[in-house]
Amino acid sequence: MTTTTQTVALKPYQIQLVEFLLAQGVLQFGEFKLKSGRLSPYYYNARNLNTGEALSKIGQVYAEKIASDLKETNVIFGPAYAGIPLVAATGVQLAQMGKNVRVAYDRKEAKTYGDAKTGSVIMGDVKAGDHVLLVDDMVTTGGTKLEVKDKILQNIPGVNFVGILVVFDRKEKDDAGVYSGDALKAAGLPLHSVLNAPDLFEYLHNRDVGGKVHVNDAHYAAFQAYRKLYGA
């Protein structure tokens, strides 16, 4: 016998996004080894956002969030590599909404040719005083996001950070027991997300979506056990 939890009420646009991510195979459930070495009962596979339609949909979600809640943004920045196509898609969607922002990203290696300054690792027109929003797919501990922030400031002092916007927040703490959102906020990079893991699992627990139950009792129990170890 299964039971369905009804403790979380997602907004209509969040439900549409969940259904889209499931249909695209972006949200996966099972056992996955993360970059951190943790064994997770689910995985956010951004590689499956690999079509024009998928990028358009995600870009639209980001653009709506920026236009409604992060209006001071005048530069969107995509951390290499996953963030680069995301800021491109978001920039196009924002322009179609009448908000034209600059798009920038970083390089893993310095550019030393063409019109770039010697050793440049920041691509795009970013200036001191700009209000920069990092755009990425998800956040776990937040460490790599802070590295990007430091890289930008090292190359362009005086940049203001609106924060970082992700589709999905795993809501996890690092090995020191600190939640990534708290660490990012303390470092001057507030975290903004459309979905988070606890709400996702509560919503999907024994719920039929597209003719399939993606999170059954076993999946739900595995997530709760994982959350006891790493959850914020």
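Just a few scattered comments:
- Each of Asp150 and Arg207 was given a label point 7 Å from its Cα along the Cα-to-Cβ line. The distance between the two points is 3.9 nm.
- The relative contact order of region 138-210 comes to 35 percent, based on Cα pairs under 8 Å that sit 6 or more residues apart.
- For region 44-179: rounded, prolate or oblate by the Cα gyration tensor [a/c cutoff 1.5]: rounded
- Taking every DSSP beta bridge that has both ends in region 12-230, the antiparallel portion is near 35%.
- Residue with peak Gaussian network fluctuation, the chain [Cα springs, cutoff 10 Å], from Asn50, Asn216, Asn206: Asn50
- Helical content alone sets the calculated 222 nm signal of the chain at -11500 deg cm²/dmol, taking -39,500 (n - 2.57) per DSSP H segment of four or more residues and averaging over every residue.
- Trypsin sites (Lys or Arg not before Pro) restricted to DSSP loop in region 71-109 with at most 11 other C-beta within 10 Å: Lys71
- The stretch between Leu10 and Glu53 holds 13.2 nm of extra length on full extension. This uses 0.36 nm per residue minus the Cα-Cα distance.
- Residues in region 44-67 that a label on Glu19 would reach, taking backbone N under 14 Å of a point 7 Å out along Cα→Cβ: none
- Linear extension gain, Ala186 paired with Glu109, 0.36 nm per residue minus alpha-carbon span: 24.9 nm
- Sparse packing (at most 12 other Cβ atoms within 10 Å of the Cβ) combined with a DSSP loop state is found for the following chymotrypsin sites (Phe, Trp or Tyr not before Pro) in region 53-153: Tyr81, Tyr113.
- When the chain is described by a simple charge dipole with +1 on each Lys and Arg Cβ and -1 on each Asp and Glu Cβ, the residue from Ile164, Ile152, Ala197 located farthest towards its positive end is Ile152.
- Using a cutoff of 8 angstrom between alpha carbon atoms and counting only pairs six or more residues apart, the relative contact order for region 12-230 works out to 16 percent.
- For the chain, with +1 on Lys and Arg beta carbons and -1 on Asp and Glu, the positive-most of Gly142, Val121, Ala183 along the dipole: Val121
- Taking a Cβ cut-off of under 10 Å around Ser180, the surrounding Lys, Arg, Asp and Glu residues balance to a net charge of +1, with basic ones at +1 and acidic ones at -1.
Taken together, the values in this text are just the output of simple stated rules run on the coordinates, not laboratory data. Model, not experiment: these values are computed from the prediction. A quick note on method: Cβ atoms are made from the backbone with ideal geometry, for glycine too, and the neighbour counts reach across all protein chains shown.
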